[in-house]
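The structure under discussion appears below in the form of structure tokens.
The values are calculated or read from the model by the stated rules, or taken from the named source; none is laboratory data. From a predicted model like this one, the values you see are computed outputs, not experimental measurements. Cβ placement follows ideal geometry from the backbone for every residue including glycine, while neighbour counts extend to all protein chains displayed. Surface accessibility is based on the protein's heavy atoms, side chains included, excluding ligands, DNA and RNA. Shrake-Rupley method; radii C 1.70, N 1.55, O 1.52, S 1.80 Å.
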Amino acid sequence: MKPSSIFSKVLVATILVMLSVMPVVHAKENSRLVLTGSSTVAPLALEMAKRFEKSHPGVRIDVQTGGSSRGVADARAGRADIGMASRSLKQSESDLFSHTIALDGITIILNKNNPIKTLSNVQIRNIYTGKIKNWLSLGGANTPITVVNKAEGRSTLELFLHHLMLKNSDIKASVIIGDNQQGIKTVSGNSGAIGYVSVGAAVYEAEYGTPIKLLPMGGVEANVEEIKRRRFPLSRPLNFITKQEPKGLVEQFILFAQSTVVNDLIEEQFFVSLAKPEK
Amino acid sequence: MIDRCFTVVIWLMAAIVLFVFGWLVSEVVMQGASKLSWQFLTEDPARSGREGGIYPIIVSTLLILATALVIVIPLGLGSAIWLAEFTKKSSRRVRTTRLILDVLAGVPSIVFGLFGYAFFCGFLGLGFSILSGALTLACMMLPILIRTTEAGLTAVPQEWRKAGAALGISRTTLLWQVLLPYASPAITAGLLLSIGRATAETAALIFTSGYVDRMPESLNDSGRALAVHIYDLSMNVVGGDKAAYGSALVLIIMVVIINLTANALSEFWLEKKINRLL
Amino acid sequence: MSNGQIKGSTYTLGSIEQGEPCCDATPHFSINNLSVSYDQETVLSNVSLEVYKGCITALIGPSGCGKSSFLAALNRLTDMILGAKVSGDITFEGQNIFDGSVDVRTLRTKIGMIFQKPNPFPLSIRKNLELPLKEHGVRNKAEVESKIFDALQSVGLWDEVKNRLSSSALSLSGGQQQRLCIARALILEPSVLLMDEPCSALDPISSGIVEEMIQRLAGRYTIIIVTHNLAQARRIANYAAFFWMTERVGKLIEFGQCRPLFESPQHSLTAAYVSGEKG
């Protein structure tokens, strides 16, 4: 019996390589924050966290994703120090504390080749409930409408439904998407498609030549300035959620995220900062 | 006539597959090549991954994969050997095991992700960590590896087992000297399949190894896998497309390198142990 | 008898060649009431016979009458078949092989076995012979080399393969492969060779070479050979055992010296079978 040879050697080698790649295992610092939640907020929170870590040596902030609902749930259960949600807290969540760090707007997008210029809330509702199935009846081309909807649980969907006073079960969608980019890609590739995504994302993509167009909502143009003025009807806050009144490191980080120090990071994600630059 | 039609159809099918594959690869290469540079491979990500590099992400990916393999290889080979060599093919226990494995191999990865999140991160208290991710991946890879290895061992002619037994050669020796080396192409194929599935994995990892794109300091740290990074860049980061293609290209190159290495290792083992029919 | 070790032997195969071949009526195996069943299905029932030292005993009879099972019981190869059950006694060199104190692996070094289909390992010619040697503790390089030489010499293969010992055993012809398998069995210096139709998968010329070799080996080894080739059995065997299947259970019908069994069978079934009327 000699369980010799390559396989076991490879195994041992793998373990050794792994161990050598890993620097000394650090003792867990007690100054560690965990954030979970909205995938819309996560990239922003991650950048904020990195900047915060730089100015606060020894602090570690881990950002995880999974959607707004999970952010709220994790904050409540104590699995996360801070939850991230791209919506306001609901009635049933009023026991928690929310801290708005930025604003996001949602806009309806169409393919650039679609001649339609505006749509009323009623028209949008009829499209999304399947009562209107062709652009012809809205004065457009004779093209069937492809309805792009967000997956359930995404706060964008909830905001959209709330604004149009719809229920998710009313919606007759042709395509279900998860994220902004996926929505933009779907609409840009289908001349009959209609979808809704973050204004910031849509503005950026449209500027870089992606064939989509942003419809004004309630007579207000869809752009960053209008959201900042809080005039754009379809906008949402991006929130940090805590279980208690924030203290210590949590408070420091939230104040940091709400300060002008991170304005550039917020703008980079095409969100709108609330912090007033110091005069 | 029918033969000719059939031949044409077969060629056509192969051509379509090749075309689609070639298109896919060239798309990724064309879009991603401009992003690919030494800096991209060795720097930390900046501006949500739009700039900077993917060094910590490559390290996390390799750590997750290596840890998963360290778990999977002994468990997978052991179970496969048990199934192929120590059980009766027709017994109910074995058939049930096999059925469970086949079902597991087809379970969507998000299910593994949720299980991993609840069990490894939650119940075992490992939290978001490379270890949780690796364990979750291991659960996904095991059924594939076990079934391919088992098939490989079952395909080894029974005559050699008889010959070995009749010469008083122990099962262990026979396994190491004859059966496993002979089955090693199948084992390698299974390993590569499962590695392929693992490196492509997003859903199972985003909830287990997590989203943190910092350089991991230990297996207890959260670390972002390449597939998660690509997903995040293309889905959640406005203007992340270029970096996503760059990362995808790196992932493809990584998979190719892993494939070549595994094949070379298997070949080496095979050559060393077994003289193949030339 | 079986102390777990191969007893150091001074003879080489070469020296056997020069010894006086003998076939005498000393029992080497005494088989008593042997029955074999697979998954409760009896395939061989109540066989009793003696196998004499240095003689060739041919087992004849139609397919499926339990000859191979009988053979497999002799070196306890039946152990590796899940669901196989063997009852009765087999006394080999004075000891019951089913006795708890018997080490199967040692037993099998004393009882070599050749199969119908040549089954060299997919290794080099040299490794095919080295593997069993090393497994049983022969590691001295010079000793290994000389044993390989002797074994290959005794099957007449040395001159054919001496320049390609490290090429694959599978690159040999069928007849060469079968002779290599015999060499592989001989290298452990057994006293018995069990052969399960060793020529039936070979072409006539190879078959002739192997048959002639078996005759040369007789006298130094006790040989038990299963064969469907009656002419071959007649040519080479000293004793013959005729098996027949009744109600799907194999039984020994007649056992005796070869020539009388063929020329004046005691049993009508034997008579019918050897004359070609049945089977």
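Table for the structure above
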item	result
Separation of the A:A141 and A:R76 label points, Cα + 7 Å toward Cβ, nm	4.7
Cα-based shape type of the stretch A:104-228, given that a ≥ b ≥ c are square roots of the gyration tensor eigenvalues and the cut on a/c is 1.5	rounded
Cα gyration tensor category, rounded, prolate or oblate, for the stretch B:94-202 with a/c compared to 1.5	prolate
Signed unit charges on C-beta, dipole axis of the stretch B:38-277, positive-most listed residue B:I130, B:S234, B:S170	B:S170
Max mean-square fluctuation residue, GNM over chain C, Cα-Cα springs under 10 Å, options C:A142, C:A58, C:A169	C:A142
Equivalent ellipsoid semi-axes, the protein assembly as shown, via Cα gyration tensor eigenvalues times 5, rooted, Å	76, 29, 24
Dipole magnitude (debye, nearest 20) for the stretch C:91-197, charges at Cβ of Lys, Arg, Asp, Glu	420
Neighbouring partner chain Cβ atoms per residue of C:68-80, average, 10 Å criterion	1
Computed Kirkwood radius, in angstrom, where 1/r is averaged over Cα pairs of chain B	20.9
Volume of the Cα convex hull of the stretch B:1-144, divided per residue and given in Å³	201
Loop chymotrypsin sites (Phe, Trp or Tyr not before Pro), the stretch B:77-179, which have at most 10 other Cβ atoms in a 10 Å radius of their Cβ (DSSP)	B:F86
Fraction of the pair-distance distribution of the stretch A:45-183 above 18 Å, Cα-Cα pairs, percent	65
Using distinct alpha-carbon pairs, which all enter the 1/r mean, Kirkwood radius of chain A in Å	20.9
Length gained when the stretch B:F119-B:E159 is fully extended (0.36 nm per residue, less Cα-Cα span)	9.9 nm
Cα centroid of the stretch B:1-73 to Cα centroid of the stretch B:157-187, whole Å	37
Residues in the stretch C:229-263 reached by a label modelled at C:S191 [backbone nitrogen below 12 Å; 7 Å Cα→Cβ]	none
Sparse-neighbourhood loop sites, trypsin sites (Lys or Arg not before Pro) in the stretch C:77-185 - DSSP loop, at most 16 other Cβ within 10 angstrom	C:R139, C:K162, C:R164
Highest-MSF residue in chain A out of A:G83, A:G219, A:G105 [GNM, Cα springs under 10 Å]	A:G219
Under 14 Å from A:K131, Cα to Cα: aspartates and glutamates that are on another chain or at least 8 residues apart	A:D170
Length-normalised contact order of the stretch B:38-277 in % [C-alpha pairs under 8 Å, at least 6 apart]	26
Net length gained if the chain between A:I176 and A:R51 were fully extended (0.36 nm per residue, minus Cα distance)	41.5 nm
GNM top mover of B:G190, B:G49, B:G78 - chain B, alpha-carbon springs below 10 Å	B:G78
Helix B:55-85 vs. chain B, principal-axis angle (Cα, 0 to 90°, nearest 10)	20
Cα radius of gyration and Dmax for the stretch A:94-165 (Å)	15.4, 51
For the protein assembly as shown, with +1 on Lys and Arg beta carbons and -1 on Asp and Glu, the positive-most of A:V272, A:V59, C:I81 along the dipole	A:V272
Separation of the C:M80 and B:I253 label points, Cα + 7 Å toward Cβ, nm	4.9
Taking all pairs of distinct alpha-carbon atoms in the stretch B:47-113, Kirkwood radius in angstrom	15.2
Estimated FRET transfer efficiency (B:L12, C:V104; beta-carbon r; R0 60 Å; 0.05)	0.55
Taking the stretch B:1-111 and dividing mean pair separation by its residue count, relative contact order in percent (alpha carbons under 8 Å, at least six apart)	9
Rounded to the nearest 10 Å², the accessible area of C:D159 at probe 1.4 Å	110
DSSP loop GluC sites (Glu not before Pro) with at most 11 other Cβ within 10 Å: longest gap in chain C	C:1-246
Folded to 0 to 90 degrees: helix B:2-33 orientation relative to chain B principal axis, Cα	40
Cα centre as origin, Lys/Arg/Asp/Glu Cβ charges: chain B dipole, Debye	1140
Net charge of Cβ neighbours under 12 Å - reference B:L77; Lys, Arg +1; Asp, Glu -1	-2
Angle between chain A longest axis and helix A:42-55 axis [Cα atoms, degrees, rounded to 10]	40
Cβ-based charge dipole, the stretch C:139-279, positive-most Cα from C:I187, C:A201, C:H228	C:I187
Heavy atoms of B:T148: accessible area, 1.4 Å probe, square angstrom to 10	40
Cβ crowding within 10 Å averaged over residues, with B:247-253, A:95-101, B:25-31 ranked highest first	B:247-253, A:95-101, B:25-31
Residues of type aspartates and glutamates that A:K228 reaches as a straight line, Cα spacing below 12 Å, ignoring anything fewer than 8 places off in the same chain	A:D104, A:E267
Prolate/oblate/rounded label for chain C (Cα gyration tensor, a/c 1.5)	prolate
Over the stretch A:104-228, relative contact order from alpha-carbon pairs under 8 Å, at least 6 apart, %	41
Separation in nanometres of the label points that stand 7 Å from Cα toward Cβ, at C:I205 and B:F268	4.3
Aspartates and glutamates whose Cα lies under 14 Å from that of A:K117, excluding same-chain neighbours fewer than 8 positions away	A:E221
Above-threshold pairs, the threshold being 25 Å between Cα atoms, out of A:K167/B:K242; A:K50/A:K243; A:K172/A:K213; C:K67/C:K147; A:K54/A:K185; B:K89/C:K85	A:K167/B:K242; C:K67/C:K147; A:K54/A:K185
Sequence of C:C55, B:C139 when ordered by accessible area, the most exposed leading, probe 1.4 angstrom	B:C139, C:C55
Simple Cβ-charge dipole of chain C, Lys/Arg +1 and Asp/Glu -1, about Cα centre, in debye nearest 20	540
